[in-house]
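Working notes, beginning with the structure itself.
Since every read-out is calculated from the coordinates, none of them should be taken as a lab result. From a predicted model like this one, the values you see are computed outputs, not experimental measurements. Positions of Cβ are generated from backbone atoms using ideal geometry, with glycine treated the same way; all protein chains shown enter the neighbour counts.
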Ligand code: 13P
Ligand code: SF4
């Protein structure tokens, strides 16, 4: 087995040779986050991709995030360590079903969570992330009916926050957050009664009801770090522990295992490894390839979101 240090050294050399940037989501394994140029939530990574001026983006995250980077950089190379790094939300929302909905309801604005395929983005009016979903929905004129897709929990949370009545919600779910249960949360809470609860909006409503803070991965990290309290229960993927430990190592963080296993890891995110990252920088494969027509149509709703500040 080759030592991690040797692989890391080769990755850094390949990065320089390819004029590449390494973008990593908070759910990536710690060794990847350690060497990334930027670690962030979906919105921060999309913004970084938008302003990138090098040649290669090595996207350590899931495929839809890399597609977003490619749409914003149609003439640059975008690679992902593992092509199978998908997302259950993307799978829950096929583009032909969105097209069928639009045919039946041409008056609706389609607000798509960034966790969708490029084809679905191309059918959308505007994209949102967990960080700005409330702001995005509020940017749509009050009288305009909305289809929010595909996450049911995020959709219900946004509907509640905005008080928007004319908003239909797709029935998709994240296999990680949707299986965080109130039952398991209560048992962790019983062990740590003083801990505050921070949750991602993809969690079920009964979990969100108990939360002291709801936000994106980066927002959860910032909130915990800047809060006076020093003990937290975190209801999102456990990869966020890397930034939490680095930025506030004196605080305590408790993760809640989801209902059907004893971890809180995303199996798609964890497909990427340091070795696969090195391999993809060596071969510049697997590469995101999208048709120019899809990229052009998908860029507009992404840029509409990025224009909101
Ligand atoms: P963030 O945009 O909050 O990082 O979320 C991405 C994601 O996939 C949540 O499961
Ligand atoms: Fe998709 Fe859920 Fe994994 Fe995020 S945690 S990438 S929403 S499956």
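Kindly check whether there is at least one residue in the stretch 285-294 that is within 16 Å of ligand 2 (Cβ to nearest atom), out of contact with any strand residue (DSSP E or B) (no Cβ under 7 Å at 6 or more places or on another chain) and outside any loop (DSSP other than H, G, I, E, B).
Checked the stretch 285-294: no residue is within 16 Å of ligand 2 (Cβ to nearest atom), out of contact with any strand residue (DSSP E or B) (no Cβ under 7 Å at 6 or more places or on another chain) and outside any loop (DSSP other than H, G, I, E, B).
When you check residue 243 against the structure, is it within 30 Å of residue 17 (Cβ to Cβ) and touching a helix residue (DSSP H, G or I) at 6+ places or on another chain (Cβ under 6 Å), yes or no?
yes
For the stretch 78-99, indicate whether the set of residues that are in a strand (DSSP E or B) and closer than 18 Å to residue 284 by Cβ is non-empty.
Yes, the stretch 78-99 contains a residue that is in a strand (DSSP E or B) and closer than 18 Å to residue 284 by Cβ.
Does the stretch 38-56 hold any residues that are more than 11 Å from ligand 1 (Cβ to nearest atom), within 21 Å of residue 291 (Cβ to Cβ) and within 17 Å of the chain's Cα centre (by Cα), and which are they?
Passing the criteria: 49, 50.
If you check every pair at least six apart or on different chains, which have Cβ atoms under 6 Å apart with a residue in the stretch 189-205 that is touching a residue at least 12 places away in the same chain (Cβ under 8 Å) and farther than 17 Å from residue 259 by Cβ first and a residue that is within 16 Å of ligand 2 (Cβ to nearest atom) and part of a helix (DSSP H, G or I) second?
Sorted first by the residue in the stretch 189-205, then by its partner, the pairs are 198/220; 201/154; 201/157.
Yes or no: residue 252 over 21 Å from the mean Cα position of the chain (by Cα) and either in contact (Cβ under 8 Å) with a residue 12 or more places away in the chain or crowded, with 21+ Cβ neighbours inside 10 Å (or both)?
Judged against the criteria, residue 252 is a match.
So residue 222 fits all but one of (1) without any contact (Cβ under 8 Å) to a residue 40 or more places away in the chain; (2) within 13 Å of ligand 1 (Cβ to nearest atom); (3) touching a helix residue (DSSP H, G or I) at 6+ places or on another chain (Cβ under 8 Å); what number is the exception?
Residue 222 satisfies every listed condition except (3).
In the list 195, 199, 229, which residue meets the criterion of being under 16 Å from the mean Cα position of the chain (by Cα) and more than 20 Å from residue 34 (Cβ to Cβ)?
199
For the stretch 124-144, how many residues are more than 14 Å from ligand 1 (Cβ to nearest atom), over 15 Å from residue 172 (Cβ atoms) and surrounded by 21 or more Cβ atoms within 10 Å (Cβ to Cβ)?
Result for the stretch 124-144: 2.
Tell me the residue from 192, 200 that is within 14 Å of ligand 1 (Cβ to nearest atom) and closer than 26 Å to residue 255 by Cβ, please.
Within the list 192, 200, the selection yields 200.
Could you look through the stretch 145-199, keep only residues that are closer than 21 Å to residue 128 by Cβ and surrounded by fewer than 16 Cβ atoms within 10 Å (Cβ to Cβ), and pick out the one that is nearest to ligand 2 (Cβ to nearest atom)?
So the residue we want is 171.
Scan the stretch 111-141 for residues that are closer than 14 Å to residue 68 by Cβ, over 15 Å from the mean Cα position of the chain (by Cα) and in a strand (DSSP E or B) and report the count.
1
Which of the numbered conditions does residue 89 fail, given that it passes all the others? Conditions: (1) within 13 Å of ligand 1 (Cβ to nearest atom); (2) farther than 28 Å from residue 148 by Cβ.
Of the numbered conditions (1) within 13 Å of ligand 1 (Cβ to nearest atom); (2) farther than 28 Å from residue 148 by Cβ, the odd one out for residue 89 is (2).
Looking at this structure, is residue 288 crowded, with 16+ Cβ neighbours inside 10 Å and within 30 Å of residue 76 (Cα to Cα)?
So residue 288 passes the test.
Quick test of your reading of the structure: residue 100 fulfils all but one of (1) away from ligand 1 (no atom under 16 Å from the Cβ); (2) touching a residue at least 24 places away in the same chain (Cβ under 8 Å). Name the failing condition by number.
So the condition that residue 100 fails would be (2).
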